[in-house]
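Some notes on the structure that comes next.
The values are calculated or read from the model by the stated rules, or taken from the named source; none is laboratory data. The shown structure was predicted, so the numbers you read here are calculated from the model rather than taken from an experiment. Glycine also receives a Cβ, built like all others from the backbone with ideal geometry; neighbour counts cover every protein chain displayed.
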Amino acid sequence: MRFPMKQTLAVAKHIGRQKRRGIKRFPLVLMLEPLHACNLTCTGCGRIREYKDNIKDMLPLEKCLAAVDDCEAPVVSVCGGEPLLYPEIQELVAKILERGKVVYLCTNGQVLDKKLDLFQPHKMFNINIHLDGLAKTHDMIVEKDGAFDKAVAGIKLAKDAGFIVCSNTTVYKQTNTNEIRELVKYLDGIGVDGFLMSPGFDYSDVEDQSVFLTKDAIIEKFNELDDVTSGPKIWNTPLFYDFLKGNRDYPCTPWGNVTYNIRGWKAPCYLVTDKHYESYDNFIKDVAWEKYGPGCDPRCTNCMAHCGFEATVALTSTSKLSDMLRMAKWTLL
């Protein structure tokens, strides 16, 4: 199977349970940001810029766990910032796993070698390392020499210790698709279990907007990457990549990936900020969701990011027999 069966079933059971309860809007993924401090300054990162006034603040462990319980999402992506800088990261991950959630620890890998002993391999636990190219390109984007080699060293240690490891790559305007092929080939060779790829989003807080792709440019890039995105270790769904290649259209599901951080529940989505809510119930009920997405809000015009559209795939893939069979085949490969 592409994923551990336990992870796949956790998400499927949650979708079925929520639909039986008649709940219209429910998240599949919680993007939990216990802090925004980071040890890198990546070119396309909106977080360290948007939250620069709160860069030293951290969520108490109790609030992190309350957010996990409140939204009930089956998948928790612990991110930031750099989550391995969070002093209570060991207990946070352990407590989320105790709740039966799938956990992605999203790290840049710079201190993974020093922190790996805090964790134990688990069928519901994935270490997700962000790499935007091979050494020269990645080091330029994150503005630190040797960052790629440091991350790779962390990957090798994690694989030797028995962890599930995936990589996450953001595709920018300047991204060389041949380099992405070489990156996937290299990471496959050192044992990485899965690859995630998604186009970058044009954060307004990022000064250099030239790195971001228009919708037409995204379609062009991902058609060039067709042979890569159809590989056996790609973790984004084939229906999502159909969308990125312009072969089908999907509405955004902004509540599919919800974000909780030091300011509260981030509305409307992981990428756009209009307001933060203290209460999850108020957040999910009070946001005017119909006002967001391509064709509704001009900020969403060029967005084709996974956090808005993979949830749409997950929630609609059973509506057509052909899509259902394709997803089943993809999952079982």
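Conditions tested, residue by residue: (1) in contact with a Leu (Cβ under 6 Å, 6 or more places away or on another chain); (2) at pLDDT 95 or above; (3) of a type in the set (A, V, I, L, M).
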site	(1), (2), (3)
H36	no, no, no
Y51	no, no, no
C71	yes, yes, no
C79	no, yes, no
E82	no, yes, no
E88	yes, yes, no
G100	no, yes, no
N108	yes, yes, no
Q120	no, yes, no
- Residue count, the stretch 154-178 (criterion: in contact with a helix residue (DSSP H, G or I) (Cβ under 6 Å, 6 or more places away or on another chain), surrounded by fewer than 20 Cβ atoms within 10 Å (Cβ to Cβ) and hydrophobic (A, V, I, L, M, F, W, C)): 1
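So which helices (runs of 4 or more DSSP H) stay within the stretch 223-333 end to end and still have 3 or more residues that are touching a residue at least 40 places away in the same chain (Cβ under 8 Å)?
Working: elements: 226-229, 238-244, 280-286, 306-316, 321-332.
Per the criteria, 238-244, 280-286, 306-316, 321-332.
Condition test on C38, is it closer than 24 Å to F201 by Cβ, touching a residue at least 40 places away in the same chain (Cβ under 8 Å) and out of contact with any Gly (no Cβ under 6 Å at 6 or more places or on another chain)? Let's see the steps before the verdict.
On the way: closer than 24 Å to F201 by Cβ: yes; touching a residue at least 40 places away in the same chain (Cβ under 8 Å): yes; out of contact with any Gly (no Cβ under 6 Å at 6 or more places or on another chain): no.
So C38 does not fit the description; no.
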- Looking only at the stretch 41-72, count how many residues are free of Cβ contacts under 8 Å to residues at least 60 places away in the same chain, touching a His at 6+ places or on another chain (Cβ under 8 Å) and within 25 Å of K101 (Cβ to Cβ). 2
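So that you can scan it fast, the table gives a plain yes or no per residue for (1) within 25 Å of G194 (Cα to Cα); (2) part of a helix (DSSP H, G or I):
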position	(1), (2)
F3	yes, no
Q7	yes, yes
A12	yes, yes
G16	no, yes
F26	no, no
L40	yes, no
R49	no, yes
K63	no, yes
- Message: Just checking, does the stretch 77-100 include any residue being among the basic types (K, R), under 20 Å from N261 (Cβ atoms) and under 17 Å from the mean Cα position of the chain (by Cα)?
- Response: no
- Task: Collect the residues in the stretch 193-207 that are within 23 Å of C106 (Cβ to Cβ), at pLDDT below 95 and assigned to a loop (DSSP other than H, G, I, E, B), keeping them in residue-number order.
- Result: G200, F201, D202, Y203, S204, D205, V206
- Residue under evaluation K275, criteria (1) buried (at least 16 other Cβ atoms within 10 Å of the Cβ); (2) closer than 18 Å to M31 by Cβ, criterion not met: (1)
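Name every residue in the stretch 175-186 that is outside any helix (DSSP H, G or I) and within 21 Å of the chain's Cα centre (by Cα), in order of residue number. Don't jump to the end; show me each part of the working.
Here is the first cut: in the stretch 175-186, the ones outside any helix (DSSP H, G or I) are 175-176.
Correct list: T175 only.
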